[in-house]
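All remarks here apply to the structure that follows.
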Amino acid sequence: MKENKYAYINLPDIGSFNNDDWNEYVNEFYRQVNLLQKQKPKGWILDIRENFGGMLYPMFAAVAPFLDVANVVGIKDAEGEIDYFNYKNNKFYEGKQATQNFITKEKKPKRINSPVAVLIKKKTGSSAEFITAAFVGQKNATLIGENTQGLTSGNQEYRLDDGAFIALTVGNIVNRSGTEYANIGQGISPNVIIKKSKEKNETALAYLSAAYQYIDRENK
């Protein structure tokens, strides 16, 4: 807890293909959210500044309690078809197809309706940009920081006969309104811009200050 009233939680990158690691990732995130919810925070700070990407499935399952509706982020393919991602009943869905089943020992946190400040920066990339896009247009959420990395293509991993994997680009990220992020390197823009300071501590404090101000404003 920050200032005894703002719940802060970090969503880290994860590069493992191991299902047990994915389950542990989601369970630990849920455990921390449940602990923070008991303290009845007035708002949340979701930090993905250092998340450079990796496996989307566990990341999306982890943040699902923070998302207000279904169909908030997906992939638009070369034919213009959109498959939105969703998570329900411990399953990750790509369109109508369930592509991953999670085993969660921790109780899924209650839906979070209080304000959510999502912290992003240039390092935020790839799968973390899917998470960023999921919050674009959400009424109780805002993006704080700087444009993300701009690796906004959707890649699918396929296992080869020798046990290796190959990743193929299958489309681009789209948000809940259907906006496509197709320009490499452009990234996703924040609602509140934080300019880097020469002093690292000053930049970190600027992020937190902006998050506190947003949460306080939304609670009025």
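Some observations on this one:
- Nonpolar atom fraction for the chain, defined as the carbon and sulfur part of the 1.4 Å probe accessible area, stands at 47 percent.
- Three-way shape call for segment 139-220 based on the alpha-carbon gyration tensor, with the a/c threshold at 1.5: prolate
- With K and R counted +1 and D and E -1, the other residues having a Cβ less than 12 Å from that of residue 55 yield a net charge of -3.
- Computed with a 1.4 Å probe over protein heavy atoms only, the accessible surface of the chain comes to 53 Å² per residue.
- Available extension along the chain between residue 165 and residue 37 is 42.2 nm, counting 0.36 nm per residue and deducting the alpha carbon span.
- Among 193, 181, 170 the positive-end extreme of the charge dipole of segment 118-220 (Cβ point charges): 193
- Fraction of antiparallel bridges per DSSP, the chain only, in percent to nearest 5: 60
- Candidates per trypsin sites (Lys or Arg not before Pro) in segment 112-200, loop by DSSP, up to 11 other Cβ within 10 Å: 139, 195, 198
- The angle between the Cα long axis of helix 200-218 and the longest principal axis of the Cα atoms of the chain comes to about 80 degrees, rounded to the nearest 10.
- Förster-model FRET efficiency, 22 Å R0, residue 203 and residue 113, C-beta, rounded to 0.05: 0.15
- Loop-exposed GluC sites (Glu not before Pro) per DSSP, neighbour cap 11 Cβ within 10 angstrom, longest uninterrupted part of the chain: 82-198
- Of the trypsin sites (Lys or Arg not before Pro) in segment 1-62, those whose Cβ has at most 11 other Cβ within 10 Å and which sit in DSSP loop: 38
- Summarising the strand pairing of segment 1-123, around 55 percent of its internal DSSP beta bridges are antiparallel.
- Label zone at residue 18, where the point sits 7 Å out along the Cα-to-Cβ direction: segment 36-64 residues whose backbone N lies under 19 Å: 54-59
- Relative to one another, the C-alpha centroids of segment 46-119 and segment 132-152 are positioned 14 Å apart.
The values are calculated or read from the model by the stated rules, or taken from the named source; none is laboratory data. Everything numeric in this text was worked out from a predicted model, so none of it was measured. We place every Cβ from the backbone using ideal geometry, glycine too, and count neighbours over all the protein chains shown. All accessible areas refer to the heavy atoms of the entire protein, side chains included, with ligands and DNA or RNA removed. Shrake-Rupley method; radii C 1.70, N 1.55, O 1.52, S 1.80 Å.
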